[in-house]
Amino acid sequence: MPLNQQNPGENWQTASASSETMDYGKMDTQSLNRMLLDRINELAQAGLVDDHFLRLHSLKEDSGPSFFLELILVFLSDAGTEMKDMLKILYQQGHVDYKNLHSHYIKLKGSSSCFGAFRITDACSHLRAAIQNKSKEGCIQALLNIQGEYNCLHDQLYSVVEIEREIVSRETGNQ
């Protein structure tokens with residue numbers, strides 16, 4: 001099964017445009033905030049995110065209204081870039097550069113852990129073992145698993161991003 005060689009984080013708008021969107025403009029801000037917290041708790045209950053993600057949301061008050069939104073978008077982009085770079089390493093001609101692959105693994109696992117992307121962080125452990133064993137096939141399978149977890153989180157974060165965009169728009173007066 002070939003990996004998706006497209007950067008998973010680069011088409012957020014395109015991939016999300018086909019999803020049904022709710023008209024958040026008709027809701028009051030308090031209801032939007034409650035809906036956002038409910039959605040975040042659902043993600044935590046599903047095991048997609050952990051307490052780190054919940055803490056990041058709480059930092060919004062001290063870091064500005066767009067902090068949480070920007071953090072989500074940067075994480076998705078950066079994680080997508082790391083996976084794309086690992087794909088290039090695995091599919092290059094000749095010998096696999098496991099040292100370089102390990103460097104990208106460290107970046108992905110570290111950012112996933114700090115972001116609170118629990119299932120991505122967990123899936124990274126299989127990639128680490130495959131890198132240590134210098135198993136190209138093992139690395140490909142582990143990266144497939146990571147990419148699946150990434151895609152699941154990406155899709156689930158869509159509603160969080162949409163709600164947060166509406167809240168930020170109201171808080172900054174850019175309605």
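Here r is the Cβ-Cβ distance between residue 77 and residue 134 and R0 is 41 Å; the resulting FRET efficiency, rounded to 0.05, is 0.90.
Here the spin labels are modelled as points 7 Å beyond Cα on the Cα-Cβ line, and at residue 70 and residue 41 they lie 2.9 nm apart.
The lysine pair count for the chain, using Cα distances under 25 Å and pairs eight or more places apart or on different chains, is 21. Within the chain, the proportion of C-alpha pairs whose separation exceeds 25 Å stands at 36%. Put a dot 7 Å past the Cα of residue 114, heading toward its Cβ, do the same for residue 54, and the two dots end up 2.2 nm apart. Once the Cα atoms are used to define both axes, helix 118-132 deviates from the longest principal axis of the chain by about 10 degrees. Per-residue extension of 0.36 nm, minus the Cα-Cα distance of residue 62 and residue 23, leaves a gain of 11.2 nm for this segment.
When the solvent-accessible area of the chain is split by element, carbon and sulfur atoms take up 48 percent of it, the probe being 1.4 Å.
Per-residue ellipticity at 222 nm computed for the chain from its helices equals -24500 deg cm²/dmol, with DSSP H segments shorter than 4 residues left out and the rest contributing -39,500 (n - 2.57).
The values are calculated or read from the model by the stated rules, or taken from the named source; none is laboratory data. Predicted model only: the values in this text are computed from it and were never measured. Virtual Cβ from ideal backbone geometry, glycine too; neighbours counted across all protein chains shown. Quick note on the areas: whole protein, heavy atoms, side chains included, nothing else; ligands and nucleic acids left out. Shrake-Rupley method; radii C 1.70, N 1.55, O 1.52, S 1.80 Å.
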